[in-house]
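J.: First the structure, then my questions, so here it is.
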Amino acid sequence: MLKTVIVGASGYTGAELTKMVFLHPELELSGLYVSENSVDANKSIGDLHGTLKGLVDLPLQPLKDVSAVAKAADVVLLATAHEVSHNIAPTFLAEGCKVFDLSGAFRVQSDSFYTDYYGFEHQYGEWLEKAVYGLAEWNEADIAKADLVAVPGCYPTASQLALKPLLDAGLIDTQQWPVINAVSGVSGAGRKASMTNSFCEVSLHAYGVFTHRHQPEISTHLGCDVIFTPHLGNFKRGILATITAKLAEGVSEVQVTETLEKAYENKTLVRPLGAGQSAKLQSVQNTGFCDIGWSVKGQHVILTSAIDNLLKGAASQAIQCINIRFGFSPLTAIV
Ligand SMILES: NC(=O)C1=CN([C@@H]2O[C@H](COP(=O)(O)OP(=O)(O)OC[C@H]3O[C@@H](n4cnc5c(N)ncnc54)[C@H](OP(=O)(O)O)[C@@H]3O)[C@@H](O)[C@H]2O)C=CC1
Ligand SMILES: CC(=O)N[C@@H](CCC(=O)OP(=O)(O)O)C(=O)O
């Protein structure tokens with residue numbers, strides 16, 4: 001059994017991770033942590049997240065001595081804000097832990113990216129270079145050898161899983177940038193209270209127009225410029241991305257269908273729904289699946305991609321990466 005620690009366990013993705021690690025036959029849940037001065041320090045996680053009550057009643061421990069926690073752990077899941085992950089991941093790595101980071105702190109290997117989009121200067125270029133991007137269906141060989149896995153963001157997961165097969169097969173005319181419009185549930189903003197996620201303030205609207213940090217994450221990993229506009233929806237969880245792209249000359253709907261079906265034929269967690277179908281949130285909420293639908297008219301394709309932001313967009317994709325890294329059966333603790 002691998003001793004597994006979750007940092008940021010009281011948050012939304014942390015709670016999802018807690019449940020999956022608890023259910024995983026090869027992982028031992030050895031510690032749940034929050035910040036040193038957290039208002040939730042020493043509370044039971046089951047008292048904070050009712051779905052865990054009676055299953056996991058471990059205390060949320062204040063994270064004081066990172067080295068000491070690292071020395072007693074094999075696997076570390078960081079469900080913490082970007083800058084927190086950036087600051088603590090190297091200590092866990094130095095003690096030989098395998099680190100799976102749900103934040104954006106190690107996703108994009110470019111110096112200016114962190115100052116431009118995250119508001120801090122990256123201090124760990126060496127780890128940034130070694131980090132493996134955890135888009136599970138596409139990066140298995142590298143994830144299997146990684147010390148540090150940077151689990152992709154929620155919008156980038158939904159967007160890339162739909163576009164990547166078509167781009168890699170040369171079916172998209174990249175002269176016209178694919179346009180991604182995506183709507184996320186409010187849990188995408190995390191558990192901490194703020195005015196934007198307050199019940200009476202939430203209203204369907206676009207945000208981060210031309211400035212959201214997921215645009216460069218998607219572009220970098222796809223190797224293709226995109227227009228990306230996120231929207232906040234008045235529901236709790238799930239992301240629906242609707243993507244419009246121009247097809248290369250002469251590409252037919254049959255080719256699009258064959259390419260998507262072949263890309264995911266042995267990948268249980270990504271479900272190509274077929275031509276003329278649209279992905280729905282309801283089918284993926286509270287699951288680790290990504291559903292993809294598509295339609296072609298003339299030279300354009302419209303793809304729809306749906307995931308649960310907290311699961312395929314974060315926690316269950318992290319568990320997929322653990323399963324790949326340690327050679328466990330791919331769906332363990334996910335379905
Ligand atoms: N929500 C989502 O849909 C997605 C989130 N992500 C990313 O995953 C990460 C976690 O997100 P989410 O679960 O939504 O966040 P939450 O805000 O819900 O939870 C954050 C957690 O981190 C803890 N924390 C804060 N500061 C520290 C610290 N210094 N040391 C240890 N723990 C700390 C918080 O507890 P406390 O403050 O009490 O200490 C809390 O447990 C973020 O980087 C986010 O960007 C990625 C994809 C999707
Ligand atoms: C609705 C909402 O606020 N969503 C978050 C995205 C959450 C996510 O994917 O987190 P990463 O930053 O780790 O990639 C946002 O737009 O900032």
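The values are calculated or read from the model by the stated rules, or taken from the named source; none is laboratory data. Because the structure is predicted, anything quoted here is derived from the model rather than measured. So basically every Cβ, Gly included, is an ideal-geometry build from the backbone, and we count neighbours across all protein chains shown.
J.: Quick check on my filter: what residues within the stretch 132-158 are within 18 Å of Glu95 (Cα to Cα) and over 15 Å from the mean Cα position of the chain (by Cα)?
T.: Lys145, Ala146, Asp147 - these are the residues of the stretch 132-158 that are within 18 Å of Glu95 (Cα to Cα) and over 15 Å from the mean Cα position of the chain (by Cα).
J.: Hey, another quick one. If you go through the stretch 221-244 one residue at a time, do you hit one that is within 12 Å of ligand 2 (Cβ to nearest atom), without any contact (Cβ under 8 Å) to a residue 24 or more places away in the chain and within 23 Å of Glu137 (Cα to Cα)?
T.: No, because not a single residue in the stretch 221-244 is within 12 Å of ligand 2 (Cβ to nearest atom), without any contact (Cβ under 8 Å) to a residue 24 or more places away in the chain and within 23 Å of Glu137 (Cα to Cα).
J.: Can you tell me which of Thr18, Thr13 is within 16 Å of ligand 2 (Cβ to nearest atom), among the β-branched types (Val, Ile, Thr), in the same structural domain as Gly96 (by TED's automatic domain parsing) and surrounded by 17 or more Cβ atoms within 10 Å (Cβ to Cβ)? Steps first, please.
T.: Details: Thr18 fails: within 16 Å of ligand 2 (Cβ to nearest atom).
Checking each option against the conditions leaves just Thr13.
J.: Go through Ile172, Ile180 for me and flag whichever is in the same structural domain as Ala279 (by TED's automatic domain parsing), over 21 Å from Lys262 (Cβ atoms), crowded, with 22+ Cβ neighbours inside 10 Å and away from ligand 1 (no atom under 13 Å from the Cβ). Even if it seems obvious, please write down each step before you answer.
T.: Numbers: Ile172 fails: over 21 Å from Lys262 (Cβ atoms).
That would be Ile180, the only listed residue that is in the same structural domain as Ala279 (by TED's automatic domain parsing), over 21 Å from Lys262 (Cβ atoms), crowded, with 22+ Cβ neighbours inside 10 Å and away from ligand 1 (no atom under 13 Å from the Cβ).
J.: Scan the stretch 271-323 residue by residue and report those that are away from ligand 1 (no atom under 16 Å from the Cβ) and within 21 Å of His24 (Cβ to Cβ). Walk me through it before giving the result.
T.: Applying the first criterion (away from ligand 1 (no atom under 16 Å from the Cβ)) to the stretch 271-323 yields 271-280, 282-283, 291-304, 323.
Correct list: Asn323 only.
To keep it simple, each residue is scored yes or no on (1) surrounded by fewer than 16 Cβ atoms within 10 Å (Cβ to Cβ); (2) more than 17 Å from Phe22 (Cα to Cα); (3) acidic (Asp, Glu); (4) not assigned by TED's automatic domain parsing to the domain that holds Leu240.
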{"site": "Pro272", "(1), (2), (3), (4)": "no, yes, no, no"}
{"site": "Lys297", "(1), (2), (3), (4)": "yes, yes, no, no"}
{"site": "Leu303", "(1), (2), (3), (4)": "no, yes, no, no"}
{"site": "Ala318", "(1), (2), (3), (4)": "no, no, no, yes"}
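J.: While we're on this one: For a quick check of your reading: which strands (runs of 3 or more DSSP E) sit entirely within the stretch 97-216 and have at least 2 residues that are away from ligand 2 (no atom under 12 Å from the Cβ) and out of contact with any helix residue (DSSP H, G or I) (no Cβ under 6 Å at 6 or more places or on another chain)?
T.: Because the criterion is at least 2 residues that are away from ligand 2 (no atom under 12 Å from the Cβ) and out of contact with any helix residue (DSSP H, G or I) (no Cβ under 6 Å at 6 or more places or on another chain), the strands (runs of 3 or more DSSP E) in the stretch 97-216 that meet it are 179-184.
J.: Quick one: what pairs do we get from the stretch 21-44, first residue without any contact (Cβ under 8 Å) to a residue 60 or more places away in the chain and of a type in the set (A, V, I, L, M, F, W, C), second away from ligand 1 (no atom under 11 Å from the Cβ) and part of a loop (DSSP other than H, G, I, E, B), C-beta under 7 Å, 6+ apart or different chains?
T.: Listed by first residue and then by second, the contacts come to Phe22/Leu55; Phe22/Val56; Leu29/Val56; Leu29/Leu58; Leu32/Leu58.
J.: Any residue in the stretch 165-193 that's without any contact (Cβ under 8 Å) to a residue 60 or more places away in the chain: show its pairings with residues that are in a strand (DSSP E or B) and within 9 Å of ligand 1 (Cβ to nearest atom) at Cβ separation under 9 Å, as long as the two are six or more apart or on different chains.
T.: Val183/Ile239
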